[in-house]
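Chemist: Sharing a structure here in structure tokens format.
The values are calculated or read from the model by the stated rules, or taken from the named source; none is laboratory data. Just so you know, these numbers come straight off a predicted model, no measurement behind them. Heads up, the Cβs are rebuilt from the backbone with ideal geometry, glycines too, and the neighbour counts pull from every protein chain shown. Just the protein is used for accessible areas: all its heavy atoms, side chains included, with ligands, DNA and RNA removed. Shrake-Rupley method; radii C 1.70, N 1.55, O 1.52, S 1.80 Å.
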Amino acid sequence: IGPNYVDVIVRPMTRTKIRDFAAYYDAVSLYSTKRDEFQSRLFKSLETEFAGRGLVLEQVLIRNINLPESVKMAIEAKINAEQ
């Protein structure tokens, strides 16, 4: 794998899986209620892929979900209205 395995394997594979799994969720769910589910599915998939290459994945944390400002405002308004 080499010393630059993060740039060669980890980042590209993680970015690809994030895009693949994000397609299954609508923006509102991903931004609010389904974040943990998304993170869990992503972890399971990446853990399997990494294990096949001799890497051990300890955890996946989704810290930021960047949406267009107009979408973010609409989601926040919807969440506030539901509460």
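Chemist: Cβ-Cβ under 7 Å, sequence separation 6+ or interchain: first residue in region 60-79 and in a helix (DSSP H, G or I), partner open to solvent by less than 50 Å² (accessible area, probe 1.4 Å) and among the hydrophobic types (A, V, I, L, M, F, W, C). Which pairs?
Modeler: VAL71/ALA27; ILE75/ALA27; ILE75/VAL28; LYS78/VAL28
Chemist: Among the candidates SER45, SER40, which residue alone is without any contact (Cβ under 8 Å) to a residue 60 or more places away in the chain, surrounded by 10 or more Cβ atoms within 10 Å (Cβ to Cβ), in contact with an Asp or Glu (Cβ under 9 Å, 6 or more places away or on another chain) and of a type outside the set (Asp, Glu)?
Modeler: Result of the check over SER45, SER40: SER45.
Chemist: For THR33, only one of the following conditions fails: (1) in contact with a helix residue (DSSP H, G or I) (Cβ under 8 Å, 6 or more places away or on another chain); (2) hydroxyl-bearing (Ser, Thr, Tyr); (3) open to solvent by 80 Å² or more (accessible area, probe 1.4 Å). What is its number?
Modeler: (1)
Chemist: Continuing with the same structure: Please identify the pairs in which a residue from region 9-23 that is among the hydrophobic types (A, V, I, L, M, F, W, C) has its Cβ atom under 7 Å from the Cβ atom of a residue that is modelled with pLDDT under 90 and not in a helix (DSSP H, G or I), counting only partners at least 6 apart or on another chain.
Modeler: ILE9/ILE1
Chemist: Please verify whether ARG15 is surrounded by fewer than 12 Cβ atoms within 10 Å (Cβ to Cβ), at pLDDT 90 or above and of a type outside the set (A, V, I, L, M), treating the condition exactly as stated. Walk me through how you get there before you give the answer.
Modeler: Values: surrounded by fewer than 12 Cβ atoms within 10 Å (Cβ to Cβ): yes; at pLDDT 90 or above: yes; of a type outside the set (A, V, I, L, M): yes.
Yes, satisfied.
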